[in-house]
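First the structure, in the form of structure tokens, and then the observations on it.
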Amino acid sequence: MTTAPVTRRRRSGGIVLGLRVVGAALLAVMGWIHLDLWQDGYRTLDVIGPAFLLNTIAGFGLAALLLVTPRPLVHLVAALGALTAAGTLAGLLLATTVGLFGFLESTAARLWWESFWVELAAVVVLTALAVLGARHRRR
């Protein structure tokens, strides 16, 4: 019988769709956090302000792109989203530990922990989607 491969494909298709939606939501939240902080005063910081605005555009743009990209190419957008989230997370950790572009952040800052968990989750979800999407594409 051929039902096992069909069932496996349907299950993997559902997982990919779920990861796409969750990944897009995480990217959008990441963008929203950076927009909110940019409006709250981070826009006045040299380098950091424009970086927050770029992160806002990237977060919202990649979220939308992840939802509309044809399935055979979704692994590429997921990989780009994972790299963006990882870079953002690295920037947050650098700014908190050694400073970044002359700016030193604190874990007590507004939305620091929310940003940390959203970015970490985005890296995990989007990496899983990139791997699963690439593996599914090879079949």
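The values are calculated or read from the model by the stated rules, or taken from the named source; none is laboratory data. Model, not experiment: these values are computed from the prediction. A quick note on method: Cβ atoms are made from the backbone with ideal geometry, for glycine too, and the neighbour counts reach across all protein chains shown. For accessibility, only protein heavy atoms count, side chains too; no ligands or nucleic acids. Shrake-Rupley method; radii C 1.70, N 1.55, O 1.52, S 1.80 Å.
Descriptive notes on the structure:
- Which listed residue is of a type in the set (A, V, I, L, M) and either surrounded by 16 or more Cβ atoms within 10 Å (Cβ to Cβ) or touching a Ser or Thr at 6+ places or on another chain (Cβ under 9 Å) (or both), from 64, 90, 121: 121
- When region 67-87 is limited to residues that are of a type outside the set (A, V, I, L, M), under 15 Å from residue 120 (Cα atoms) and in contact (Cβ under 8 Å) with a residue 12 or more places away in the chain, the one that is surrounded by the fewest Cβ atoms within 10 Å (Cβ to Cβ) turns out to be 84.
- The single condition among (1) open to solvent by 60 Å² or more (accessible area, probe 1.4 Å); (2) farther than 29 Å from residue 134 by Cα; (3) modelled with pLDDT of 95 or more that residue 102 does not satisfy is (3).
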